[in-house]
Amino acid sequence: MALLNIIEYPDPRLKTVARPVTRFDQRLTTLIEDMAQTMYAAPGVGLAATQVDVHERLVVLDISETKDQLHVFINPEIVWTSEETLECEEGCLSVPGVYDAVTRPAKVRVRSQQADGSAYEVECVGLLSVCVQHEMDHLDGKVFVEYLSALKQSRIRTRFKKRKVKAA
Ligand code: NI
């Protein structure tokens, strides 16, 4: 297993729309293991392949306290959303240190595939619902800060450009 590098906002690679996973092979299994290890080490509760510069429709999630409930979503699709919404403070491994409230559908039903290619559906509520929607946005090239006001987004971009300059 290997730790993967997480790309940070506003890196333009985060805007890439990921393509479907078509081969359910050893390479995919290794990628899932590496992404899970990277997410746990960060530490974070979710990671989309986009964030490690692999532009395929794959998400790993673990919202458990015990960090032993890994969810893998391959080619996920939201097939139903509730009208009821939920406001939640979100953060992102690609936007470290930034947390802000985002409102999303409270419940979603997701159709997805497992590592062996088999299809499944799961109804996600609460934090799992928020996380799966956040991670699926990454697969479409969207970062959660894009839900915030233009002013907030501009402040965050300025802050991250300064970070890059300092790091260089
Ligand atoms: Ni994120």
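If L127 satisfies all but one of (1) assigned to a strand (DSSP E or B); (2) open to solvent by 80 Å² or more (accessible area, probe 1.4 Å); (3) under 17 Å from V60 (Cβ atoms), what's the number of the condition it fails?
(1)
Whether any residue in the range 69-81 is within 16 Å of the ligand (Cβ to nearest atom) and over 16 Å from I32 (Cβ atoms) is what I want to check.
Looking through the range 69-81, none of the residues is within 16 Å of the ligand (Cβ to nearest atom) and over 16 Å from I32 (Cβ atoms).
Of the numbered conditions (1) out of contact with any Gly (no Cβ under 9 Å at 6 or more places or on another chain); (2) under 28 Å from K162 (Cα atoms); (3) at pLDDT 95 or above, V17 fails exactly one; give the number of that condition.
For V17, the exception is condition (1).
State which residue pairs qualify: first residue acidic (D, E) and inside the range 21-34, second residue at pLDDT 95 or above in any location, beta carbons under 9 Å apart, and separation of 6 or more residues or different chains.
D34/L3; D34/L4; D34/V52
Testing A41 on (1) within 16 Å of the ligand (Cβ to nearest atom); (2) surrounded by 17 or more Cβ atoms within 10 Å (Cβ to Cβ); (3) more than 20 Å from L14 (Cα to Cα), one condition comes back false. Which one is that?
(2)
List every residue pair whose Cβ atoms lie under 9 Å apart, where the two residues are 6 or more positions apart in sequence or sit on different chains, the first residue falls within the range 124-135 and is closer than 14 Å to V102 by Cβ, and the second residue, located anywhere, is open to solvent by 20 Å² or more (accessible area, probe 1.4 Å) and within 11 Å of the ligand (Cβ to nearest atom).
L127/V45; C131/V45
Could you list, ordered by first residue, the pairs with Cβ atoms under 7 Å in which the first is in the range 78-104 and more than 18 Å from L14 (Cβ to Cβ) and the second is of a type in the set (F, W, Y) and open to solvent by 60 Å² or more (accessible area, probe 1.4 Å), at least 6 apart or interchain?
Here the result reads E89/Y99, each pair linking the range 78-104 to a residue that is of a type in the set (F, W, Y) and open to solvent by 60 Å² or more (accessible area, probe 1.4 Å).
Using the structure shown, decide if P10 is assigned to a loop (DSSP other than H, G, I, E, B), surrounded by fewer than 16 Cβ atoms within 10 Å (Cβ to Cβ) and within 15 Å of the ligand (Cβ to nearest atom).
No: the conditions fail for P10.
Among the residues of the range 69-119, which ones are open to solvent by 40 Å² or more (accessible area, probe 1.4 Å), assigned to a strand (DSSP E or B) and more than 22 Å from S149 (Cβ to Cβ)?
H71, E77, I78, V79, W80, T81, K107, R109, R111, Q113, A119
Looking only at the range 146-168, which residues are in contact (Cβ under 8 Å) with a residue 40 or more places away in the chain, assigned to a helix (DSSP H, G or I) and open to solvent by less than 80 Å² (accessible area, probe 1.4 Å)?
Once the filter is applied, which keeps residues that are in contact (Cβ under 8 Å) with a residue 40 or more places away in the chain, assigned to a helix (DSSP H, G or I) and open to solvent by less than 80 Å² (accessible area, probe 1.4 Å), the range 146-168 yields I156, F160.
Could you please find all residues in the range 13-38 being open to solvent by 60 Å² or more (accessible area, probe 1.4 Å) and outside any helix (DSSP H, G or I)?
V17, R19, P20, T22, R23, F24
Determine, yes or no, whether V143 is in contact with a helix residue (DSSP H, G or I) (Cβ under 6 Å, 6 or more places away or on another chain), away from the ligand (no atom under 12 Å from the Cβ) and either among the aromatic types (F, W, Y) or open to solvent by less than 20 Å² (accessible area, probe 1.4 Å) (or both).
No: the conditions fail for V143.
The values are calculated or read from the model by the stated rules, or taken from the named source; none is laboratory data. Owing to the predicted nature of the structure, the values given are computational and were not obtained by experimental measurement. Glycine also receives a Cβ, built like all others from the backbone with ideal geometry; neighbour counts cover every protein chain displayed. Keep in mind that these areas ignore ligands, DNA and RNA; they rest on the heavy atoms of the full protein, side chains included. Shrake-Rupley method; radii C 1.70, N 1.55, O 1.52, S 1.80 Å.
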